[in-house]
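Only one structure is covered here, and it is reproduced in the block below.
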Amino acid sequence: MEKFEPKPKIVGAAPEKTKESVKERFRRYFYEDHLVDISEEARKELESLEYEKTPQEKELIFAADNELNDLMEKLGVPSFDIPLKNIHILPPELYKKSNKIAGNYSAITHYQERAILLNAKVFKSDPVYFGSIIFHEMFHLKGHFALEVEKTGEKDMETVSPFRAGLAVFSANKKDKENKGHEHFRGLEEAVTTEMEKRYFKKLIEHPILKEKKKQSESGEAKELKEEISQKADIPIDEIISFNDEFYANFSYFWQRKVLNLLVSKIYENNKDKFASPDEVLLDVFAKAHFTGRLLPMARLIKESFDKTTFEILGMMADDDESAIKTLEFLQRRIK
């Protein structure tokens with residue numbers, strides 16, 4: 001059986017020949033031509049400074065990749081492997097230099113480069129956090145991906161920009177040129193991704209390679225420390241991924257996930273004849289939309305459970321707390 005190789009969907013005003021060329025180029029970014037379009041100087045710096053993956057890290061990457069492939073196949077979506085070379089563990093300085101939009105994030109998915117970048121300072125000594133976040137970023141990278149391609153009118157040159165990434169929808173090139181660029185469903189995309197990460201964590205912590213880590217986390221002293229962190233940070237215990245005396249990591253996008261769980265709960269309540277459980281709603285409605293890019297089935301269920309404006313409001317929920325809290329309050333007032 002021929003192995004499925006992902007290619008982005010292409011939209012825009014460019015001729016079909018150009019679109020096919022761009023589609024094939026981005027397929028190669030996953031395989032033989034990864035990072036071919038960055039400068040030779042930047043590529044050499046990355047290759048010389050990035051960390052070689054340990055056997056433990058490779059095993060955790062394979063575990064996340066296999067789990068996601070199983071999920072995609074269960075949802076009827078063609079699965080594919082993410083090559084190890086597309087995942088880069090970088091020294092902090094190079095991570096910041098290579099990633100202009102990193103902000104406070106310690107890991108990020110570069111959709112157009114088909115790459116995942118991780119800050120070694122955060123993940124190199126913490127296999128539990130590494131295993132959890134690698135699932136998160138791979139979930140992003142395996143999601144639906146579409147590009148907008150337009151001809152510039154200069155010697156067959158084209159402009160290429162992201163149009164879709166999972167549930168996230170980006171504005172057209174024309175809007176960006178008019179300084180009217182915008183992005184929709186970023187908050188919902190992060191909510192679905194992190195909620196799936198949290199569910200995966202239950203399997204991750206049982207992985208044989210993390211046996212000693214799990215044993216340490218279940219000691220009486222560790223449980224006391226975890227409870228102390230929970231109280232001081234004002235977060236539920238089950239939100240904590242990894243911890244020690246100096247550091248703790250927790251699942252991100254708490255308020256965005258509150259919004260998602262409210263959506264899931266109400267859709268299930270109103271459609272028990274269609275879904276066996278809330279988890280089935282999460283998978284068959286939201287995760288499937290992430291992988292396929294088809295938003296209409298999700299939009300219909302949301303509008304039926306709330307009202308016709310809810311889907312549009314959800315589109316404006318970003319990845320910050322304030323935006324998510326306001327969205328949650330809006331939905332709570334519109335529950336049917």
Practice task
Could you check M316 against (1) within 28 Å of L68 (Cβ to Cβ); (2) open to solvent by 40 Å² or more (accessible area, probe 1.4 Å) and say which number it fails?
Solution key: (1)
Fill in the blank from the handout: Here the residues within segment 319-336 that are farther than 21 Å from S252 by Cβ and open to solvent by 50 Å² or more (accessible area, probe 1.4 Å) are Q332, R333, R334, I335, K336
Exercise for the section: Specify the residue that is modelled with the lowest pLDDT; the eligible residues are those in segment 79-103 that are open to solvent by 60 Å² or more (accessible area, probe 1.4 Å) and farther than 28 Å from A289 by Cα. Expected result: K100
Problem - For Y31: the one exception among (1) part of a loop (DSSP other than H, G, I, E, B); (2) farther than 24 Å from D279 by Cα; (3) in contact (Cβ under 8 Å) with a residue 60 or more places away in the chain; (4) not charged (D, E, K, R) - result: (3)
Handout entry: Check on A14, small (G, A, S) and either out of contact with any Lys or Arg (no Cβ under 7 Å at 6 or more places or on another chain) or open to solvent by 60 Å² or more (accessible area, probe 1.4 Å) (or both)
Key = no
Handout entry: Residue in segment 176-190 that is at pLDDT below 95, part of a helix (DSSP H, G or I) and charged (D, E, K, R) present
Key = yes
Handout entry: Matching residues in segment 281-301 - criterion: being crowded, with 20+ Cβ neighbours inside 10 Å, more than 18 Å from A165 (Cβ to Cβ) and touching a residue at least 24 places away in the same chain (Cβ under 8 Å)
Key = L282, L301
Fill in the blank from the handout: Going through segment 204-229 in order, the residues found to be among the β-branched types (V, I, T) and not in a helix (DSSP H, G or I) are I205
Handout entry: Given (1) in a strand (DSSP E or B); (2) exposed (fewer than 14 other Cβ atoms within 10 Å of the Cβ), number of the condition G76 does not satisfy
Key = (1)
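The values are calculated or read from the model by the stated rules, or taken from the named source; none is laboratory data. Values in this document were obtained by computation on a predicted structure and should not be read as measured data. For neighbour counting, all protein chains shown are included, and Cβ atoms are generated from backbone atoms with ideal geometry for every residue, glycine included. Please note that ligands, DNA and RNA were not included when accessible areas were found on the heavy atoms of the full protein model with its side chains. Shrake-Rupley method; radii C 1.70, N 1.55, O 1.52, S 1.80 Å.
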